[in-house]
Amino acid sequence: MSKIYYCVDCKRVGTNSDVCLYCNGTYLKPITQGTSVNIIGTKKKEKF
């Protein structure tokens with residue numbers, strides 16, 4: 001399983017560790033397995 005990263009600028013999840021694919025932001029945090037994240041556009045939380 002590949003690592004997943006969270007962009008602090010646009011609050012999206014991606015797999016690229018260098019640059020966010022959505023906003024080209026460079027401040028990314030690694031997400032550990034089992035972390036709850038919000039799904040954009042809903043009030044649900046899912047775990048990775």
Query raised in the report: For residues in segment 25-43 being assigned to a loop (DSSP other than H, G, I, E, B) and of a type in the set (Ser, Thr, Tyr), which is farthest from THR15 (Cα to Cα)?
Result: THR42
Query raised in the report: If you check ASP9, ASP18, which single one turns out to be among the acidic types (Asp, Glu) and exposed (fewer than 10 other Cβ atoms within 10 Å of the Cβ)?
Result: ASP18
Query - Residue pairs meeting the criteria (Cβ under 9 Å; at least 6 apart or on separate chains; first within 19 Å of LYS3 (Cβ to Cβ) and open to solvent by less than 60 Å² (accessible area, probe 1.4 Å), in segment 21-45; second of a type in the set (D, E, K, R) and outside any loop (DSSP other than H, G, I, E, B)) - result: GLY34/LYS47; THR35/LYS47; SER36/LYS45; SER36/GLU46; SER36/LYS47; VAL37/LYS45; VAL37/GLU46; VAL37/LYS47
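The values are calculated or read from the model by the stated rules, or taken from the named source; none is laboratory data. Since the structure is predicted, the reported quantities are computational estimates derived from the model, not experimental observations. No Cβ is skipped: glycine too gets one built from the backbone with ideal geometry, and neighbour counts run over all protein chains shown. The protein model used for the area step is the full one, side chains on, heavy atoms only, and it has no ligands, DNA or RNA in it. Shrake-Rupley method; radii C 1.70, N 1.55, O 1.52, S 1.80 Å.
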